[in-house]
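Okay, structure first, notes after.
The numbers here are math on the coordinates, done by the rules we state, and not lab data. Computed from a predicted structure; not experimentally measured. Don't worry about glycine lacking a Cβ; one is built from the backbone with ideal geometry, like all the others, and counts go over all protein chains shown.
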Amino acid sequence: MADEDTMNPATTTPAATDAPSLGEAGLDVEALKRERDDYYDRLLRKIAEFENYRRRVERERREQADQAVVDLLEDLLLVVDDFDLALTVEAGEGAAAYRKGVELIHAKLHDILRKKGVRPIEAVGADFDPNVHQAVTHESSPGHRGNEVIGELRRGYTIGDRLLRAAMVKVAKA
């Protein structure tokens, strides 16, 4: 009798049936497939959007660089116009007037460069710095300390923190 109580099906509970039936599982799989396809479609759209963005930024960067070149060239053409005008002046007007015109053109060109951020390197009197100076000659110079720049053969320039062209200099021997 004790055996009957332990084997009574009424007292035993069947295994939990939490798992969905085959019909419900089929619906869940279809819903998951739709969701997956939706995410995949959204991913493809985002990839395409990013590619379009990248191309647009690259195009805008090129256009901006091209415009900067055009702006500089327009400014330099003003200087060319001044040179053309100076060359049309009669030679009989005197060297002083001609020199004055060239000085004005020179000042105008340096003003354009300054506005574009180009600065000359002050070399004469400074200590030789191989980062901004190119030594062309070394000379004994009694009135100067060793490695002092005593002459500038070609001016150097920087633009911002970047070296545009090193100054060609004459350096005093120690």
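Values computed for the structure shown
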item: Contact order relative to length of segment 119-174, as percent, for alpha carbon pairs under 8 angstrom and 6 or more apart; result: 46 percent
item: Alpha-carbon Rg with Dmax, taken over segment 21-116, Å; result: 32.8, 110
item: Environment charge at Arg34 (Cβ cut-off 14 Å; Lys +1, Arg +1, Asp -1, Glu -1); result: -3
item: Stretch gain in nm, segment Glu35-Ala97, where the contour uses 0.36 nm per residue and the Cα spacing is subtracted; result: 14.0 nm
item: Global size of segment 60-159 as Cα Rg and Dmax, reported in angstrom; result: 18.9, 57
item: Net lengthening on full extension, Ile159/Gln64 (0.36 nm per residue, minus Cα-Cα); result: 32.4 nm
item: Calculated SAXS-style log₁₀ I(q)/I(0) at q = 0.18, 0.23, 0.25 Å⁻¹ - segment 119-174, Debye, Cα scatterers; result: -0.50, -0.76, -0.87
item: Loop-located trypsin sites (Lys or Arg not before Pro) in segment 107-174 whose Cβ has at most 16 other Cβ within 10 Å (DSSP); result: Lys116, Arg145, Arg155, Lys173
item: Residue-count net charge about Arg119 - beta-carbon cut-off 13 Å; Lys, Arg +1, Asp, Glu -1; result: +3
item: Charge tally in the Cβ shell below 14 Å around Gln67, where Lys, Arg are +1 and Asp, Glu are -1, Gln67 excluded; result: -2
item: Label-point gap, in nm, between Leu27 and Thr137 - each point 7 angstrom along Cα→Cβ; result: 9.8 nm
